[in-house]
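The values are calculated or read from the model by the stated rules, or taken from the named source; none is laboratory data. Model, not experiment: these values are computed from the prediction. Positions of Cβ are backbone-derived with ideal geometry, glycine not excepted, and every protein chain shown enters the neighbour counts. Quick note on the areas: whole protein, heavy atoms, side chains included, nothing else; ligands and nucleic acids left out. Shrake-Rupley method; radii C 1.70, N 1.55, O 1.52, S 1.80 Å.
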Amino acid sequence: MTTTSVRPASARRESLFVGALCLAVLAASAAAISLHRRADDIRSLPAWQIDARSDLTPGEQGVLADLAIAAGEIAWLAEGEALPDVADLAAEGLPPFAPQASDGLRGGHVWSRSGGLYLGRSGDPRVAGSFLMIPGDPPAIWLAPGTADAPADPSQDALRSAGWRQVVSRYEASVTRHDPGAAQ
């Protein structure tokens, strides 16, 4: 008579194999991610510029969004003529020049036009700073902390020396998910 011993069914070997395979995939993924990160590609902005996405308060971002839309409307309304006055823009219902329910949450700016500039003086500097928009293609939008006046000279040097900072959008690979070195 022959005796054969039969072991009970167990998935121990398969479980160990699957676990090892998962660890290998995680290790390979971590290595690939660390090789693709390029911190040296992210350049810092000059001290006189401020990033629109990361350096503004929520109230300032709201005013900036309104100004970006208003800049196109102002260019369309001007069409080779003089720039429209703030009262005309408010009559058109164009934010941020027209009164809105959200004005208190965005700093309660009081808008005026001086020459080719639109100045929004902040009513609540804790919520948002003062804005200055110079219409053009593209328009230049500047921000100053607190309640600031527009300088008589709207040049970059004069604005910088008066404490104004230009609002810019910085596009990076980490935000746009675009690799400039990749083949198209």
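Tabulated values for the structure
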{"item": "In Hz, Karplus ³J(HN,Hα) per residue of region 17-26 (6.51, -1.76, 1.60; θ = phi - 60°; x = Gly, Pro)", "result": "5, 5, x, 5, 5, 4, 4, 5, 5, 4"}
{"item": "Solvent-accessible area per residue, Å², over the chain with all protein chains present [probe radius 1.4 Å]", "result": "67 Å²"}
{"item": "Estimated [θ] at 222 nm from DSSP helical runs (n ≥ 4, -39500 (n - 2.57)) normalised by residues in the chain, nearest 500", "result": "-10500 deg cm²/dmol"}
{"item": "Cα lying deepest toward the dipole's positive end in the chain, options 34, 114, 90, charges on Cβ", "result": "34"}
{"item": "Taking the C-alpha atoms of region 1-149, convex hull volume expressed per residue in Å³", "result": "239 Å³"}
{"item": "Carbon + sulfur, % of accessible area of the chain - ligands and nucleic acids excluded, 1.4 Å", "result": "57 percent"}
{"item": "Cα centre as origin, Lys/Arg/Asp/Glu Cβ charges: the chain dipole, Debye", "result": "1540 debye"}
{"item": "For residue 55, residues with placed amide H under 5 Å, excluding near neighbours", "result": "none"}
{"item": "Which of 23, 83 is most accessible, then next, and so on - probe 1.4 Å", "result": "23, 83"}
{"item": "127, 63, reordered so the largest accessible area comes first (probe 1.4 Å)", "result": "127, 63"}
